[in-house]
Amino acid sequence: MAERFQELYEKAGLPSGVLQVIHLGSLPELEALVARPEIAHVCFTGSVAGGMAVQNAAASSLKSVCLELGGKDPAYVREDADVSYSAVEIADGAMFNSGQSCCAIERVYVHESVYDQFLRKLVEELKGYKLGDPMGTLLKFLLI
């Protein structure tokens, strides 16, 4: 997805190379890249460990950073919960923006006394979701 944003910025006139999307495989690679003096700002999406590595590497040169870190955001459904309401809200929390949100619900803890009821409601809710290519909607949004 980040590559598509880069492509759209360049189509809109941003000079090639100003915005760069880079995928790295290790923390030492990440730290070495962030520490380079040519880099003025880093936007990082990834793990907490990766975010700490970015922050530490950037601190030595006082460059700015933007961190979007994963938290394995849980949801809890208690035995006294409104199960129908919870199922709708949890489905939205997990699927909003195709699940590509740093605060998307990634796991759900459900009290055993309402588990079966919650699961039925959640499945019912998710059956109403439509699968497809979100880029058509995204491009329409960006071009408006």
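Quick notes
- Each of L30, C66, S16 was scored by the projection of its Cα onto the charge dipole of the range 2-69, and the greatest displacement toward the positive side belongs to C66; charges sit on the C-beta of Lys, Arg, Asp and Glu.
- Relative contact order of the range 74-135, taken over Cα pairs closer than 8 Å and 6 or more residues apart, is 45 percent.
- Think of the range 74-135 as having a plus end and a minus end, set by charges on the Cβ of Lys, Arg, Asp and Glu; of Q100, L122, V83, Q100 sits farthest toward the positive end of this dipole.
- Once C-alpha pairs closer than 8 Å and six or more residues apart are averaged by separation and normalised to the residue number of the chain, the relative contact order reads 17 percent.
- Considering only alpha-carbon pairs that sit under 8 angstrom and 6 or more positions apart, the relative contact order computed for the range 2-69 is 29 percent.
- Rounded to the nearest 20, the Cβ-based charge dipole of the range 74-135 about its Cα centre (Lys and Arg +1, Asp and Glu -1) stands at 180 debye.
- To the nearest ten degrees, helix 48-59 and the longest principal axis of the Cα atoms of the chain are 30 degrees apart.
- Taking the number of Cβ atoms within 10 Å of each Cβ as an exposure proxy, the fewest-first ranking of Y76, Y115 is Y76, Y115.
- Acute angle (nearest 10 degrees) that the helix 2-11 long axis makes with the longest principal axis of the chain, alpha-carbon atoms: 60 degrees
- Computed about its Cα centre, the charge dipole of the range 2-69 is approximately 120 debye, with only Lys, Arg, Asp and Glu carrying charge at their Cβ.
- Scoring 12-19, 88-95, 31-38 by mean Cβ neighbours within 10 Å over their residues and listing the highest first yields 88-95, 31-38, 12-19.
- Applied to the range 35-42, the Karplus parametrisation 6.51 cos²θ - 1.76 cosθ + 1.60 on θ = phi - 60° returns per-residue 3J(HN,Hα) values of 6, 4, x, 6, 8, 9, 8, 10 Hz, with x for Gly and Pro.
- In a reduced charge model with +1 at each Lys and Arg Cβ and -1 at each Asp and Glu Cβ, the chain shows a dipole moment near 380 debye about its Cα centre.
- Relative to the dominant Cα principal axis of the chain, helix 115-127 is inclined by about 60°.
Coordinate-derived values only; no laboratory data. Values in this document were obtained by computation on a predicted structure and should not be read as measured data. Virtual Cβ from ideal backbone geometry, glycine too; neighbours counted across all protein chains shown.
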